[in-house]
1. Could you please tell me which pairs satisfy a Cβ distance under 8 Å, a separation of 6+ or placement on different chains, a first residue in region B:73-89 that is more than 14 Å from B:Val120 (Cα to Cα), and a second residue that is assigned to a loop (DSSP other than H, G, I, E, B)?
2. Collect the residues in region B:179-230 that are of a type in the set (Asp, Glu), part of a helix (DSSP H, G or I) and either at pLDDT below 95 or in contact with a Phe, Trp or Tyr (Cβ under 9 Å, 6 or more places away or on another chain) (or both), keeping them in residue-number order.
3. Which of the strands (runs of 3 or more DSSP E) contained wholly in region A:6-85 include at least 2 residues that are exposed (fewer than 14 other Cβ atoms within 10 Å of the Cβ) and within 11 Å of the chain's Cα centre (by Cα)?
4. Which ones in region A:4-24 are among the polar types (S, T, N, Q) and farther than 13 Å from A:Leu57 by Cβ?
5. Answer yes or no: is there a residue in region A:83-102 that is under 30 Å from B:Pro5 (Cα atoms), at pLDDT 95 or above and more than 9 Å from every other protein chain (Cβ to nearest Cβ).
6. Among the residues of region B:127-152, what is the count of those that are of a type in the set (A, V, I, L, M, F, W, C) and within 18 Å of B:Ile197 (Cα to Cα)?
7. Please enumerate the residues belonging to region B:29-75 that are assigned to a helix (DSSP H, G or I) and within 12 Å of the chain's Cα centre (by Cα).
8. Under 7 Å between Cβ atoms, which residue pairs at least 6 apart in sequence (or on different chains) link something in region B:193-208 that is within 14 Å of chain A (Cβ to nearest Cβ) with a partner that is among the polar types (S, T, N, Q) and surrounded by 17 or more Cβ atoms within 10 Å (Cβ to Cβ)?
Amino acid sequence: MHELSIALSIIEGATEEARRHGCARVNAVRLKLGALSGVAKDALLFSYELACEGTALEGSRLVIEEIPVTAFCPRCEVERAIASIQRISCPVCGAPTPRVAQGREIELVALEIAA
Amino acid sequence: MSSTPRLVEVRRNALKQNDALARALRDRFHEAGVYVASMVSSPGAGKTTLLERTLAALRRQWRVAALVGDLATENDAERLARTEAPVRQIITGTVCHLDASMIERALEGWALDELDLLFVENVGNLVCPASYDLGEELRLVLLSVTEGEDKPLKYPTIFNTADVAVITKLDLAGAVEFDLTAVRENIQRARPGMRIIEVSAKTGEGMEAWLELLTSRLNPRVGQYARRDD
């Protein structure tokens, strides 16, 4: 389980950004998590809570937006949402779609702070 | 007290530090003219045996070395050291994957420009290594015939992050009734267009194609200068 390592990286990044923007208290950290990121959402949420203890982010929530995989279909010549990471191919014409456009993200998007 | 949350946009990769370090490593490898190939697989897929045979075969013509990650023991490094290629062990403790900082630390004091090819053997794990860029040029995912044909569908993410799939222990395929056609299909489903190599490090079957795949990527000019005299 590497979600604890990922959680620590998120906390480090968020703490750095909070300091940079002069935020005293972070209520939540918003994250985009791709279906091909290799990170399990539930394990990450669990790890985040644990890893926050004793840090400036203690008590903050991790809000995860799950990002589906999209890939460019060379036959339809358009970007398509891929139905399953077990079949990286166009859901319309069935052509293999090696060019994955999104779905690998582990991206810090925003910090929610008290108004 | 008003509680409308205020949003501060940040937009940064959560693994920014690792990725920046991996990029720096990649630049360093390019400058030094060393090709770096990493290997991932489940425990027991035959990474170390394949590496042993590969180092021994390539050492005659190329300057090869290996970094091997393991949770606890130095057994792998000891086995590989018998090939007389330079080998360093990275003991990760409880950490289930290598990251770029571990590679950077392990390289301290190593003259990279004296190498043509460096292998990085990841910890045996098909899940955790997927998220970490190590600065490698080529990521190999190994799958032994004893593991079953559906591994690529059970672990599609790691297959999707890899460049080449290596099916190992080919000599056992008959004994375990391994369906090569099915595994090839499953690999293509998880990673369309992926190159597949099938080998037995034990009998040598497929080793020629495997070694060719590696050496075709090495800089021939550098290799020529590097050619050993023995």
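1. Sorted first by the residue in region B:73-89, then by its partner, the pairs are B:Thr83/B:Arg59; B:Glu84/B:Arg59.
2. First, the residues of region B:179-230 that are of a type in the set (Asp, Glu): B:179, B:185, B:198, B:205, B:208, B:212, B:229-230.
Among the residues that remain, those that are also part of a helix (DSSP H, G or I) are: B:185, B:208, B:212.
Those that are of a type in the set (Asp, Glu), part of a helix (DSSP H, G or I) and either at pLDDT below 95 or in contact with a Phe, Trp or Tyr (Cβ under 9 Å, 6 or more places away or on another chain) (or both): none in region B:179-230.
3. Details: elements: A:26-34, A:61-67, A:70-73, A:78-81.
Ranges flagged: A:61-67.
4. Within region A:4-24, the first condition is being among the polar types (S, T, N, Q), and the residues that meet it are A:5, A:9, A:15.
Result: A:Ser5, single match.
5. To start, the set of residues in region A:83-102 that are under 30 Å from B:Pro5 (Cα atoms) comprises A:102.
Okay, now just the ones that are also at pLDDT 95 or above, so A:102.
Filter once more, so that each one left must be more than 9 Å from every other protein chain (Cβ to nearest Cβ): A:102.
Yes; the residues of region A:83-102 include at least one that is under 30 Å from B:Pro5 (Cα atoms), at pLDDT 95 or above and more than 9 Å from every other protein chain (Cβ to nearest Cβ).
6. We begin by selecting, within region B:127-152, every residue of a type in the set (A, V, I, L, M, F, W, C); these are B:127-128, B:130, B:134, B:138, B:140-143, B:145.
Among the residues that remain, those that are also within 18 Å of B:Ile197 (Cα to Cα) are: B:138, B:140-143, B:145.
Within region B:127-152, residues that are of a type in the set (A, V, I, L, M, F, W, C) and within 18 Å of B:Ile197 (Cα to Cα) number 6.
7. Narrowing region B:29-75 to residues assigned to a helix (DSSP H, G or I): B:29-32, B:47-58, B:75.
Correct list: B:Lys47, B:Thr48, B:Leu50, B:Leu51.
8. Listed by first residue and then by second, the contacts come to B:Met194/B:Gln188.
The values are calculated or read from the model by the stated rules, or taken from the named source; none is laboratory data. Model, not experiment: these values are computed from the prediction. When we count neighbours, we look across all protein chains shown, and the Cβ atoms used for this are built from the backbone with ideal geometry, even at glycine.
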